[in-house]
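Structure record follows, encoded as structure tokens.
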Amino acid sequence: MLGLTPYERKTYDLFNAFNDFFGDYDMGKFPAVSDFRTDIKDNGDSYALEAELPGFDKNDIKIDIENDLLTISAEKQTSNEEKDEKGKYIRRERSYGAVKRSFDVSAIDIDTIGAEYKDGILTLTLPKKKEAAPTARRLEIK
């Protein structure tokens, strides 16, 4: 389970302890919109990772594995335009959203990971690597 914790390194500055106390809400900042909620459950021989990605289509979501780092990212763009008879805009709205999180999967058998997306929930099945059985052997003396 330790291997599936997301990377987040936080440093604390003694001179900015007051600002650190209030975290990201201080000075008009809000929590990062690039994160999404995930639940990780240990099923014994595997982990189940559930990520909440409401509003995204299956084609908007990408799962990449590189150097024992699993990255889930999703990106969505929408555009609505309304014009009058002369072709001038009455209303034009655009929105963009992107989220991304990474997890250490060094203890996971990456060749057998399974993924399913249903009703805004991405579910990954992450089988644990089999521990190598200790081998014993006798050396011959020459």
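Numbers at a glance
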| item | result |
| --- | --- |
| Strands (runs of 3 or more DSSP E) enclosed by the range 89-139 - at least 1 residues per element that are in contact (Cβ under 8 Å) with a residue 12 or more places away in the chain, within 20 Å of Lys58 (Cα to Cα) and among the β-branched types (Val, Ile, Thr) | 89-104, 121-127 |
| Residue in the range 31-46 that is in contact with a Ser or Thr (Cβ under 7 Å, 6 or more places away or on another chain) and of a type outside the set (Phe, Trp, Tyr) present | yes |
| Members of the range 90-142 found to be under 30 Å from Thr78 (Cβ atoms), exposed (fewer than 15 other Cβ atoms within 10 Å of the Cβ), of a type in the set (Val, Ile, Thr) and modelled with pLDDT of 85 or more, listed by number | Ile121, Thr123 |
| Residue within the range 79-86 that is at pLDDT below 95 and closer than 30 Å to Thr38 by Cα present | yes |
| Filter result (in contact with a helix residue (DSSP H, G or I) (Cβ under 8 Å, 6 or more places away or on another chain) and among the charged types (D, E, K, R)) within the range 69-123 | Glu75, Lys76, Asp104 |
| Some residue of the range 51-60 being assigned to a strand (DSSP E or B), surrounded by 10 or more Cβ atoms within 10 Å (Cβ to Cβ) and within 15 Å of the chain's Cα centre (by Cα) | yes |
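The values are calculated or read from the model by the stated rules, or taken from the named source; none is laboratory data. Bear in mind the structure is a predicted one, so any value in this text is a computation, not a measurement. FYI the Cβ positions are ideal-geometry reconstructions off the backbone, even for glycines, and counts take in every protein chain you see.
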